[in-house]
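Presented below is the structure to which this report refers.
The values are calculated or read from the model by the stated rules, or taken from the named source; none is laboratory data. Just so we're clear, the structure is a prediction, and the values are computed from it rather than from any experiment. Here the Cβ positions follow ideal geometry from the backbone for every residue, glycine too, while neighbour counts run over all protein chains shown. Surface accessibility is based on the protein's heavy atoms, side chains included, excluding ligands, DNA and RNA. Shrake-Rupley method; radii C 1.70, N 1.55, O 1.52, S 1.80 Å.
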Amino acid sequence: MYRDDFDFKDRNAEDVYSKPVRAGKRTYFFDVKSTKGANDFYMTITESKRRQNPDGTFTYDKHKIFLYKEDFEKFQEGFTDAVEYIRQNCFNGEIPQRPASEQAEGKSDLEFEDL
């Protein structure tokens, strides 16, 4: 449901916008949702990681955070501070990128809707 031109007034459901981000073996979903009545909005951040079961089938581990508008600035501040701390104190100024082999490993024929 990744759409930049979405008008929430045209939809009765609570989903307003979704931005999937693939990162190695994980996919992060940044979903904007409206409350009932579409008079307020919040965000969910979901981490989805594909796991192979012993029988060869796949399942997805999902972890979700609900982020409310009154917390956006504090969350962003904390996130930015933590990333900057890691950059400066753990990696001497620059966070190393994943090797190309690890990046390709996370790619599959799955569609985001399957997750």
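Things to note:
- All positions within segment 20-76 that are more than 11 Å from the chain's Cα centre (by Cα), at pLDDT below 95 and among the aliphatic types (A, V, I, L, M): Ala38
- Every condition in (1) open to solvent by less than 60 Å² (accessible area, probe 1.4 Å); (2) without any contact (Cβ under 8 Å) to a residue 24 or more places away in the chain is met by Phe79 except one, and the failing one is (1).
- Across segment 22-76, the qualifying residues are those that are acidic (Asp, Glu) and in a strand (DSSP E or B), and the one among them that is least open to solvent (accessible area, probe 1.4 Å) is Asp31.
- Tally of residues being over 17 Å from the mean Cα position of the chain (by Cα), in a helix (DSSP H, G or I) and at pLDDT below 75 across segment 77-115: 5
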